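The values are calculated or read from the model by the stated rules, or taken from the named source; none is laboratory data. Because the structure is a prediction, the values reported are computed rather than measured. Note that each Cβ is placed from the backbone with ideal geometry, even for glycine, and that neighbours are counted across all protein chains shown.
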Amino acid sequence: MSPKKKTIKKSVAKGKPGTTAHTKKTTKKVAKKTARKAHKRSAVTSGKKEKHAELRKLLLGYRKKILRDVKEEISKFISGEAKQLVDTAVDDGDLSFVDLAEDINLKKLSSYKDRLNKIDESLRKLDEGTYGLCDDCGAEISEARLKVMPFAIHCVECKEQRERFEDLEKEYEF
């Protein structure tokens, strides 16, 4: 973006206002100020772009790892490891162990699915420019929290409040 040149005419005590020399001098000053502002904006924008590219790479890396883990879990199930457990089960205790193992695998897959959804949501927010803002209060999520969990959608305060509420719900559940 090239800076626009403005011609400003000022009356100067020394010399005659409106002269060519006076006009050129003021034009240069305005052009320099505009160029400095544009340079600062581009530096901020390029730094932000680099950070966003880095975050995108990190999120896509997490996504790839989770998909790999999901494929591994599904291939174990399909390959017959679970079937082999059922075939070798001797009594009801063994069968309940097999049921427990299947439940754990299903919970694991459900957890993977939730994380994938959060990562996809974070990638969408990154594209929109709303990444790093808490879904509940709209405050900025701390950089330290985003480094640890780049797909976090709540600030620490809101997350703690949600967890306390969930604990209360569990405590008074009938």
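The figures follow:
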{"item": "Considering residues of the range 70-95 that are modelled with pLDDT of 60 or more and surrounded by 14 or more Cβ atoms within 10 Å (Cβ to Cβ) only, the residue farthest from Phe151 (Cα to Cα)", "result": "Phe77"}
{"item": "Matching residues, the range 114-145, being free of Cβ contacts under 8 Å to residues at least 40 places away in the same chain and in a helix (DSSP H, G or I)", "result": "Asp114, Asn117, Lys118, Glu121, Arg124, Lys125, Asp127, Glu128, Glu143, Ala144, Arg145"}
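One line per residue, one yes/no per condition, for (1) of a type in the set (Val, Ile, Thr); (2) under 13 Å from the mean Cα position of the chain (by Cα); (3) surrounded by 17 or more Cβ atoms within 10 Å (Cβ to Cβ); (4) in the same structural domain as Tyr62 (by TED's automatic domain parsing):
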{"position": "Cys137", "(1), (2), (3), (4)": "no, no, no, no"}
{"position": "Leu146", "(1), (2), (3), (4)": "no, yes, yes, no"}
{"position": "Met149", "(1), (2), (3), (4)": "no, yes, no, no"}
{"position": "Ile153", "(1), (2), (3), (4)": "yes, yes, yes, no"}
{"position": "Arg162", "(1), (2), (3), (4)": "no, no, no, no"}
